[in-house]
Amino acid sequence: MEKVVTADYLHSIFNGKRVFLTGHTGFKGAWMLQILQWLGAEVKGYSLAPEKNSDLYVQIEGDKLCVDSIIGDLKEADKLREEIVAFEPHFVFHMAAQALVRRSYAHPADTFMTNTQGTVHVLEAIRHLPTPCVALMITTDKVYENPERGTPFKEDDKLGGHDPYSASKAAAEIVVESYRRSFFNPEDYSNHEKAVASVRAGNVIGGGDFSEDRIVPDIVRSLEFDEVVGLRNPKSIRPWQHVLEPVGAYLLLAAKMSEDPVRYSCAFNFGPTPEDMLTVEELTSVFLESYGRGNYKDMALEGAPHEAKLLLLDSNRAKTMLGWLPQLDAKTAIGWTADWYANKQQTAHEKCMLQIKNYFGDLS
């Protein structure tokens, strides 16, 4: 496998650096935490407490991988600012979010407060930092106004969102752009010394995800109880990608921003190639084949909450400016994910680190 992002390059950037990571107790955050600790970074996390003892953060004993783990809410603006300013991070990765579409229908106000106003609070804290900082605001591929025409979205396409989750993240993107123009303008970098980018990826799969209303955790739970997997939206097409793809892209972008903070302070899509798309049904079939057992059935319901049927990203900017390309096709990503869950011999941390080293290469 070609290494687009290498361990040695990332180590040269992050070793010994202070990294403030929001959402470190979440699924993607737990993977990011393990990589940053492996690269030699000093990580301070800020997040809600893990929801369940089965969460990946608990399984990897994430508290031992942080120099400090702060349990806090993005809505606590003063506490968040105090923790960021006191740490004086070289890098901020803002990953914390209410990230579930169906939960956003049940709790729309909280979704907007967390995803939109929470992003304001992170940016306000960065604005009060007295030291230079590279900051990545992680949103989602669902920030675009999506008529489902099959055309991949570019970074400058119209933002929007049908469901509260998508709309809250589109609003967060507008917030990021406003702060970038008003307070962190790249043309005035020498005065403020803050580089801010937003990154858009989605439909991430990988070992250790136990969230509600996500297809892979739903499959795994069904397998554990010897039940048939029920598919709500079997024909929906998604740009499935292994969690290491966007996380590796975020690290690459942050590294490039530290070297040239003016050029890279903008929005980036990180998605698979347009031809590498599978339906929910196809993903399920590949996963069950890789896992070695299981069956599924169509359980699409009339009147269910709206979820997009088709969503594609154009990642040409990342390819052109960063030299980034996805390294794992969808079927390989599904295979890695199934292997993680099927592997009962190693600990969660050992399984993650095995795949991290396969993806980035080992440190020399």
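Throughout, read-outs are computed from the coordinates displayed, never taken from laboratory work. This one's a predicted model, so the numbers in the text were calculated from it and none came from an experiment. For neighbour counting, all protein chains shown are included, and Cβ atoms are generated from backbone atoms with ideal geometry for every residue, glycine included.
Structural remarks
- DSSP-defined beta bridges in segment 1-147 - what % are antiparallel, rounded to 5: 0
- In the chain, taking the dipole from charged Cβ atoms about the Cα centre, the farthest positive-side position among VAL4, VAL43, ASN233 is held by VAL4.
- Here's how it looks for PHE153: its modeled amide H is under 5 Å from those of LEU312, LEU313, ASP314, which are all 5 or more places away or on a different chain.
- Computed extension length for ASP260-ASP156: 35.3 nm, one decimal, from 0.36 nm per residue of separation with the Cα-Cα distance subtracted.
- Folded to 0 to 90 degrees: helix 330-342 orientation relative to the chain principal axis, Cα: 80
- The angle between the Cα long axis of helix 244-259 and the longest principal axis of the Cα atoms of the chain comes to about 10 degrees, rounded to the nearest 10.
- Just checking the listed ones, ARG214, ARG238, ARG181: in the Gaussian network model of the chain with Cα springs under 10 Å, the one fluctuating most is ARG181.
- Sequence-separation-based contact order of segment 1-150, relative, with Cα cut under 8 Å and 6+ spacing, percent: 24
- For the chain, the longest principal axis of the Cα atoms and the long axis of helix 27-38 meet at an angle of about 60 degrees.
- Förster radius 25 Å - calculated FRET efficiency between ILE174 and ASP110 (Cβ-Cβ, nearest 0.05): 0.80
- Charges were assigned to the Cβ only: +1 to each Lys and Arg, -1 to each Asp and Glu. The resulting dipole of segment 224-320 about its Cα centre is roughly 380 debye.
- Sequence of CYS133, CYS266, CYS66 once ranked by neighbouring C-beta atoms within 10 Å, starting from the fewest: CYS266, CYS66, CYS133
- With θ taken as phi - 60° and the Karplus curve 6.51 cos²θ - 1.76 cosθ + 1.60 applied, the whole-hertz 3J(HN,Hα) list for segment 210-221 is 10, 5, 7, 6, 10, 5, 5, x, 4, 4, 4, 4 Hz, x standing for glycine and proline.
- In terms of Cα atoms, the Rg and Dmax of segment 65-159 work out to 15.7, 47 Å.
- When the Cα atoms of segment 254-364 are aligned to their principal axes, the ranges along those axes come out at 50, 42, 23 Å in descending order.
- Our summary gives the chain a relative contact order of 20 percent, counting only alpha carbon pairs under 8 angstrom and 6 or more residues apart.
- Extension gain for ASP78 to GLU224 (0.36 nm times residue separation, less C-alpha to C-alpha distance): 48.3 nm.
- Under the shape rule built on the C-alpha gyration tensor, where the axes satisfy a ≥ b ≥ c, segment 203-289 is prolate, since a/c reaches at least 1.5 and a/b is greater than b/c.
- For segment 102-248, the relative contact order works out to 26 percent when only alpha carbon pairs closer than 8 Å and six or more residues apart are counted.
- For the chain, DSSP calls about 10 percent of its internal beta bridges antiparallel.
- Of every Cα-Cα pair in the chain, the percent that sits beyond 28 Å: 40
- Taking every DSSP helix (H) stretch of at least 4 residues in the chain, weighting each as -39,500 (n - 2.57) and dividing the sum by the residue count yields a mean residue ellipticity at 222 nm of -12000 deg cm²/dmol.
- Exceeding the 26 Å Cα-Cα cut-off - candidates LYS44/LYS319; LYS3/LYS52; LYS3/LYS169; LYS319/LYS357: LYS44/LYS319; LYS3/LYS52; LYS3/LYS169
- Loop trypsin sites (Lys or Arg not before Pro), segment 44-114 (other Cβ atoms within 10 Å of the site Cβ: 15 or fewer; DSSP): LYS52, LYS75
- GNM top mover of GLU224, GLU61, GLU83 - the chain, alpha-carbon springs below 10 Å: GLU224
- Length added when fully stretched, GLU193-LYS64, from 0.36 nm per residue minus Cα-Cα: 43.3 nm
- Segment 1-122, dipole about Cα centre (Lys/Arg Cβ +1, Asp/Glu Cβ -1), debye to the nearest 20: 280
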